[in-house]
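Visitor: Here's a structure for you.
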Amino acid sequence: MPVSPVQSPAELLSGSAETGHGIEQVSLSAIATEYGTPCYVYSKAALLAAWHEFRDALAPLSPLLCFAVKANPNLAILNLLAGEGAGFDIVSGGELARVIAAGGDPAKTVFSGVGKSHHEMVQALQAGVHCFNVESPAELHRLNAVALNAGMRAPVSFRVNPDVDARTHPYIATGLKESKFGVAWEQAIALYETADRLPGLAVRGIDCHIGSQITELDPFAQALDRLLELAEALIQRGISVDHLDLGGGIGIRYRDETPPAMNDYAAVLIGRLQGRREKLLLEPGRRIVGNAGLLLARVEYTKTAGAREFALIDAAMNDLMRPALYQAWHEVRSVHNEGTPRRFDLAGPVCESGDILARDRDLALKEGSLIAFLSAGAYGSSMSSNYNTRPRPAEVLVDGTRTHLIRRRQQLEDLWKEEQIPSAG
Ligand code: LLP
């Protein structure tokens, strides 16, 4: 059972390909038999180990750690983290409702996102969120009006754009000057002065989020230095903030990346923040759940096409979108070695040429074999869709020798229950 965090994808697996892999003390073939495939499977121990490592490394700063709900919004996972004292980072009214349904505390929840609607602002004010991370002047003025109308003061931070290069995939780098996210560094002071004067707002913090799957420390150090610079400039102008929110973004190993060790990441933050009065907030997602989950699938057919050999599997891009969307690499393992390894492309049944979940993998498999896509705990299930009228997969949480179904497989009727055929005439 993983008692330390999974650092390398295959560490999530127990057993061997000879005897059949499992998660903790449960075999993956037993899970496939009981719950069917495709199926997301998570290890409770691995999830908690990652959370504890994060929490313990930063303990000297007593930060508020707000799990980024978008990484994995399953109620069972949110509930587990809420039980560990986690706060949450949300980007929609839907995520707020989930946090509440899972037993999370809105007072430990920060509301990020560039396009908060009027309705979402009202909902979050009434729930009593910890802070709104505001991303534009227009949003600031709307939030002020909404709060005044409700007879309240909205707690605010600006998500500032520190213009540091996170050196990650362009689709998930967010801290650059021309990104749609955040407010420009040059505008920040003037915006804080405005916010400080508006009667419906209470300035609480400074926020940034420079990107995701960041595998170097330097971008975090640079971003934090810029936040501290801004905090000082604001103090000079008589505005003091209670917290500094450095966002999420710390990466994991999918293949051969070397993401920072938690203690090294923590040292960068502790070195800069110890002794300061502002509280640290962080919004980690991937680092907590990414390597604690896998997608279990079954081979339907094998087929050769010219020089290539395909394994056609029952999971597809609608279940795990990252390979098609970002050319992301997920490690694939046969649950049992069956035959001699051959080189396969693993393709799903969706009618798109992009529906390839992995290319050129040497695997010992045949029709009916089970395979596992590793490092699928973050942005796997949460980005899944019903494309091609495919029900979203089941999700299972393993805890020692026990399994819990934490999301039942969608039934076909679920897929069209909101639709209607207009009555004739
Ligand atoms: N805070 C904010 C404001 C964010 O936008 C995000 C992620 C996070 C925190 C959490 O970042 P993390 O610690 O998980 O890196 N779908 C992409 C990732 C998109 C990330 C979006 N924002 C993927 O599958 O790689």
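Visitor: Are there any pairs, at least 6 apart or on different chains, whose C-beta atoms fall under 6 Å, with the first in the range 399-425 and over 28 Å from S27 (Cα atoms) and the second not in a strand (DSSP E or B), and if so, which?
Guide: L415/N386; L415/T389
Visitor: Let me ask something additional. Could you tell me which numbered condition G182 fails, if it satisfies all but one of (1) modelled with pLDDT under 95; (2) surrounded by 15 or more Cβ atoms within 10 Å (Cβ to Cβ); (3) farther than 22 Å from A145 by Cα?
Guide: Of (1) modelled with pLDDT under 95; (2) surrounded by 15 or more Cβ atoms within 10 Å (Cβ to Cβ); (3) farther than 22 Å from A145 by Cα, only one is false for G182: (3).
Visitor: Which condition does S240 not pass, out of (1) over 19 Å from the mean Cα position of the chain (by Cα); (2) part of a helix (DSSP H, G or I); (3) of a type in the set (S, T, Y), if it passes all the others?
Guide: (2)
Visitor: What residue, of V110, V91, is within 16 Å of the ligand (Cβ to nearest atom), at pLDDT 95 or above, crowded, with 24+ Cβ neighbours inside 10 Å and among the aliphatic types (A, V, I, L, M)? Can you show your working first?
Guide: Values: V91 fails: crowded, with 24+ Cβ neighbours inside 10 Å.
Going through V110, V91 in turn, the sole match is V110.
Visitor: Among the residues of the range 250-271, is there at least one that is more than 16 Å from the ligand (Cβ to nearest atom) and closer than 30 Å to F132 by Cβ?
Guide: Yes: the range 250-271 contains one or more residues that are more than 16 Å from the ligand (Cβ to nearest atom) and closer than 30 Å to F132 by Cβ.
Visitor: Sticking with this structure for a sec: I'm trying to understand the selection: among the residues of the range 380-425, which are surrounded by 15 or more Cβ atoms within 10 Å (Cβ to Cβ) and within 16 Å of the ligand (Cβ to nearest atom)?
Guide: Hits for the range 380-425 are G380, S381, S382, M383, S384.
Visitor: Return the pair list, or none, for Cβ contacts closer than 7 Å from residues in the range 52-77 that are within 14 Å of the ligand (Cβ to nearest atom) to residues that are polar (S, T, N, Q), at least 6 apart or on different chains.
Guide: Short answer, once both residue conditions are applied: C66/T109; K70/S382; A71/S382; N72/S381; N72/S382; P73/S382.
Visitor: Those residues that are surrounded by 24 or more Cβ atoms within 10 Å (Cβ to Cβ) and among the hydrophobic types (A, V, I, L, M, F, W, C), I need them from the range 22-52; list them, please.
Guide: Listed by number, the residues that qualify are I23, L28, C39, V41, A46, L47, A50.
The values are calculated or read from the model by the stated rules, or taken from the named source; none is laboratory data. These figures come from a predicted structure and were not determined experimentally. Here Cβ is always computed from backbone atoms with ideal geometry, including for glycine, and neighbour counts include all displayed protein chains.
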